[in-house]
1. By how many degrees, 0 to 90 and rounded to 10, does the Cα axis of helix 110-120 deviate from the longest principal axis of the chain?
2. Please give the contour-minus-distance gain from residue 279 to residue 187: 0.36 nm per residue of separation, less the Cα-Cα distance, rounded to one decimal in nm.
3. At what distance in angstrom do the alpha carbon centres of region 86-122 and region 277-333 lie from each other?
4. Length gain on complete extension for the stretch residue 295 to residue 132, per 0.36 nm per residue less the alpha carbon to alpha carbon distance?
5. Can you give me the three principal axis dimensions of region 130-245 from its C-alpha atoms, in Å, biggest first?
6. What per residue convex hull volume, in Å³, comes out for region 104-175 when only alpha-carbon positions are used?
7. Assuming 1.306 mPa s and 10 °C, estimate D for region 182-316 with Stokes-Einstein, Rh taken as the Kirkwood radius over Cα pairs, in µm²/s.
8. What is the distance in Å between the Cα centroid of region 224-274 and that of region 129-202?
């Protein structure tokens, strides 16, 4: 922190305000650095993250309820999955769908597709995986269902992808988009022992999401907007459900399930690592690059540090409740 008498001189020299020098305001002349989550390079390194984040996504019986009671699928269907990743959703669906159903997954990450092929290698299910950018993919045949999960939130052009999905199904075919609304997800976490977190991150996140939406089109509230996009794109019988999965992380329950859920949550949120000063500064710069002040970035960072320290202290006795609130929007062509 510079001597107070130097502040006006420094501000004039760097052509910024005193508040910007002190980190109380974000720099207006920053060069925005994109997140890169719409690139294959990013997802080639995220297999472990995807596997951990999918733990606790679904209750099998709720997906079965959708297939049998809501969508009333009684005959074999052909599915295409936009952004299939390592085939997680496809495997879940084929276990439930009528025998003879097929699954085609498209993704631009060879790392994820290799894992998907390995997952299906010894299964009885008919599955095909295609490496391509689904933004430019031209469908060669029509499918009964086009589906995507946690994909549109990372795309700068979600409506264009939705149009591709609609084009991929035959008339009467169904389009299904499964997305998390980040505000729901952020609010859906309770940690016993941290009843009221003094470092409230909601306002910081909102600034971050607003900047990312304006700068690269990445929309973390996309889950709430998809039904409207479906309406604009001409789909019929549009409806929305919310996944009923809530993860109660309870050390007095099944120990294997407890460890699996807790480790997955810690890994995906980086609550299992002690940050070096260098990493802390990197996180702060990342937030400041997205219109957040240093003080606000430190609020976010301190919140995560507090949770990390608490979980390390509690070790095998942490109580948590996590409601992901997956929104499932669907309509017919």
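Nothing in this text is a laboratory measurement; each read-out follows from the coordinates by a stated rule. In this text the structure is predicted, and so the values were computed from the model without any measurement. So basically every Cβ, Gly included, is an ideal-geometry build from the backbone, and we count neighbours across all protein chains shown.
1. The angle comes out near 40 degrees.
2. On the way: separation 92, 0.36 × 92 = 33.12 nm, distance 2.57 nm.
So the extension gain works out to 30.5 nm.
3. Result: 30 Å between the Cα centres.
4. Details: separation 163, 0.36 × 163 = 58.68 nm, distance 4.19 nm.
So the extension gain works out to 54.5 nm.
5. 54, 33, 28
6. Values: hull volume 7.2 nm³, N = 72.
That works out to 100 Å³ per residue.
7. Values: Rh = 17.4 Å.
The diffusion coefficient I find is 91 µm²/s.
8. A separation of 12 Å, based on Cα centres.
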